[in-house]
Structures are given as structure tokens and as C-alpha cells.
Amino acid sequence: MVVIGVFIIGYSFFYLDINSHVCSEAPAAPLDLEEISISSLLVNGENAPEISIPDVYGNNFSLSALRGEVVLLNFMGTWCASCVWEMGDLIELHNIYAEDVVFLSVAIEGNGTVNDVIDFKSKYCAEWIFILDEDDIFSSFKVELLPTTFVIDRFGVITYSRVGPLDTNLLSNILDELMNG
């Protein structure tokens, strides 16, 4: 009887995982996470370094081509627990601001592949641009920990940076201000 129960449970997990096309909901972040400040991170008022690399689907991408647009730039990893926790917040923000803000995730994967990033993007139905960092983009932005998020204004200037999970209320206020200003 135990063997049958294990088989049924195992089969159902396998079946659900393979045949599920429903987006996964990102788990909630623990409430005790605090913002970390890193002194070497690019600061507000600095010009954002250029990013010119194909996205995970092979389409050419250039950050400088987005001058005139507000950009939310998120450095993350598919293996990073805090990055997974904040996916729900990023999706919520994207749902609100997709028409006015360009969202960009730069995945730092180490030994990971483009397919790992595509699978992650698909799992959470993240409908924005993802790039696999194969050019040390994180170094040019002085990113040391994940997740790290920047907001870049219409002139290519960094107006917000945060290491650690998002503060959605503050980020919403910043995005609103940039869109209305």
C-alpha cells in the first residue's frame, strides 16, 4: 500500500510538472530581510553603462537605444532565493507600468545556460526582456550581490539603486515621478 501511495504521489508530481503550462507564483520573501548597502555600487546621478548584447532569444539589445524611456534594470540569478522571492513584485510592477517603463532582467548564471534563463522566465510568465550576462555587465554596474535593481531615467542616468529585494512602494513612487516629470 505504501508503494502504491508513493507511486501515485510521485506520478502526480511528475505529471503536474511536465504537463503544467500555468505560471508559477513566486513565493513571498521572508519579512525579516533588510536592505543591504554596498558602497561600491553605482550611485544615483551617474550615467548607466552601455549594455549591448543579444537577449535570451538572440534579439539585439542596446540600453542606449532606450534613451527617452524609463528603464527598470534588475540583476538576478535563477538560483538566487531572494531573486525568486521578488519575482512576484516585479511581475506586479510590470503589470502596472509595462506601457511606460522598459523592464530588463540581467541573469548572472555562472554555469547556467540561456535555456535556464528562458525556463525561469517562462515559469513565472515574465513578459519583459531577459539577458544572460556573458559580458560582465554586472561588473560595469558594480553589482556585488543579488538581487540588485536600478532605475534609469530617460536621459540614461541612474535615479535609483537597491541591493536586496524590492521596496515596491518606494519603487512605484519613483516610477510615477519619472513618468510624470
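The values are calculated or read from the model by the stated rules, or taken from the named source; none is laboratory data. All figures in this text were calculated on a predicted structure; none of them were measured in a lab. Using ideal geometry, Cβ is built from the backbone for each residue, glycine included, and neighbour counts are taken over all protein chains shown.
Structural remarks
- Search result, residues across the stretch 101-114 that are under 23 Å from residue 168 (Cα atoms) and part of a loop (DSSP other than H, G, I, E, B): 108
Yes/no matrix, rows are residues, columns are (1) loosely packed, with under 13 Cβ neighbours inside 10 Å; (2) β-branched (Val, Ile, Thr); (3) modelled with pLDDT under 85; (4) touching a Ser or Thr at 6+ places or on another chain (Cβ under 7 Å):
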| residue | (1), (2), (3), (4) |
| --- | --- |
| 8 | yes, yes, yes, no |
| 22 | yes, yes, yes, no |
| 25 | yes, no, yes, no |
| 35 | yes, no, yes, no |
| 82 | no, no, no, no |
| 100 | no, no, no, no |
| 105 | no, no, no, no |
| 111 | yes, no, no, no |
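- When residues of the stretch 115-142 are limited to those that are part of a loop (DSSP other than H, G, I, E, B) and not aromatic (Phe, Trp, Tyr), the one nearest to residue 102 (Cα to Cα): 127
- Criterion (of a type outside the set (Val, Ile, Thr) and in contact with a Lys or Arg (Cβ under 9 Å, 6 or more places away or on another chain)) met by exactly one of 127, 86: 127
- Here 166, 145, 93 are screened, and the one residue that is outside any loop (DSSP other than H, G, I, E, B) and out of contact with any Lys or Arg (no Cβ under 9 Å at 6 or more places or on another chain) is 93.
- Exactly one residue among 127, 99, 177 is among the charged types (D, E, K, R) and within 18 Å of residue 59 (Cα to Cα), and that residue is 127.
Here is a yes/no grid of residues against (1) surrounded by fewer than 13 Cβ atoms within 10 Å (Cβ to Cβ); (2) more than 20 Å from residue 47 (Cβ to Cβ); (3) not charged (D, E, K, R):
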position: 134; (1), (2), (3): yes, yes, no
position: 146; (1), (2), (3): no, yes, yes
position: 150; (1), (2), (3): no, no, yes
position: 158; (1), (2), (3): no, no, yes
position: 171; (1), (2), (3): no, yes, yes
position: 175; (1), (2), (3): no, no, yes
position: 181; (1), (2), (3): yes, no, yes
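- Residue in the stretch 70-78 that is in a helix (DSSP H, G or I), under 16 Å from residue 53 (Cα atoms) and not polar (S, T, N, Q) present: no
- Condition met for residue 84 (β-branched (Val, Ile, Thr), in contact (Cβ under 8 Å) with a residue 40 or more places away in the chain and within 24 Å of residue 181 (Cβ to Cβ)): no
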